[in-house]
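To start, the structure under review is shown below, and the notes come after it.
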């Protein structure tokens with residue numbers, strides 16, 4: 001028979017709560033429901049922790065249930081591998097992820113390693129950017145301020161950005177929209193495009209054209225929306241017009 005991989009598990013109260021003692025709800029009451037949606041049956045089932053039972057579901061327990069309190073001491077609860085019923089109960093408890101969470105050192109280490117490796121990759125790429133690419137990347141996340149900064153200042157800021165936001169930085173480098181977003185930033189910096197209504201609307205700002213270009217959808221990044229429009233069939237002629245005005 002295949003041996004089960006049982007192990008002790010550690011649970012911690014969320015939001016850095018560390019009271020001397022915290023008692024977790026361990027059974028269903030009409031005033032304080034404790035239920036779990038069972039995807040196999042499609043119904044909400046009441047929960048009850050009883051150490052001498054084989055199931056955390058009350059409808060699967062017999063009449064000899066021995067109820068025990070679930071107490072976190074100093075914000076922590078260690079559940080030994082011998083107490084599988086409590087481990088199962090905590091896994092499906094509606095407070096899992098809200099009131100408390102399972103401490104998983106392996107998962108935490110893997111996530112930290114992924115971030116450290118991304119941070120290293122991002123900083124190496126940031127260090128090796130040529131001047132043109134450096135300015136392009138900085139203009140996307142710094143905006144018009146780039147035009148008033150020296151190259152050393154840009155290198156410093158892009159290295160810091162890569163260090164603190166490595167995944168976002170790597171996404172920017174891989175984004176095919178990068179060059180277009182750079183051009184859009186230049187259009188705004190040069191004043192041939194402008195925002196109105198708290199960046200909700202984008203207008204042309206040329207001598208013979210003050211018309212509205214588009215409305216930015218709620219919650220979207222304005223420069224990205226304008227860049228997306230410029231790459232569409234409807235926006236390609238507008239892009240050519242603005243680029244010509246920028247070059248002149």
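The values are calculated or read from the model by the stated rules, or taken from the named source; none is laboratory data. Because the structure is a prediction, the values reported are computed rather than measured. Note that each Cβ is placed from the backbone with ideal geometry, even for glycine, and that neighbours are counted across all protein chains shown.
Structure notes:
- Of all the listed residues (184, 146, 158), the sole one being touching a helix residue (DSSP H, G or I) at 6+ places or on another chain (Cβ under 8 Å), under 21 Å from residue 224 (Cβ atoms), assigned to a helix (DSSP H, G or I) and modelled with pLDDT under 85 is 146.
- Taken over the range 10-32, the residue count meeting the criterion of being at pLDDT 90 or above and farther than 17 Å from residue 68 by Cβ is 3.
- Just one of the listed residues (113, 170, 120) is at pLDDT 90 or above and within 30 Å of residue 10 (Cα to Cα), namely 113.
- Residues in the range 42-91 that are part of a loop (DSSP other than H, G, I, E, B) and under 33 Å from the mean Cα position of the chain (by Cα): 42, 56, 74, 75, 80, 81.
Yes or no, residue by residue, for (1) within 18 Å of residue 122 (Cα to Cα); (2) touching a residue at least 24 places away in the same chain (Cβ under 8 Å):
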{"residue": "161", "(1), (2)": "yes, yes"}
{"residue": "167", "(1), (2)": "yes, yes"}
{"residue": "186", "(1), (2)": "no, yes"}
{"residue": "194", "(1), (2)": "no, no"}
{"residue": "212", "(1), (2)": "no, no"}
{"residue": "218", "(1), (2)": "no, no"}
{"residue": "222", "(1), (2)": "no, yes"}
{"residue": "245", "(1), (2)": "no, yes"}
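- Residues that are under 19 Å from residue 11 (Cα atoms) and free of Cβ contacts under 8 Å to residues at least 40 places away in the same chain, drawn from the range 25-81: 48, 50, 51, 56
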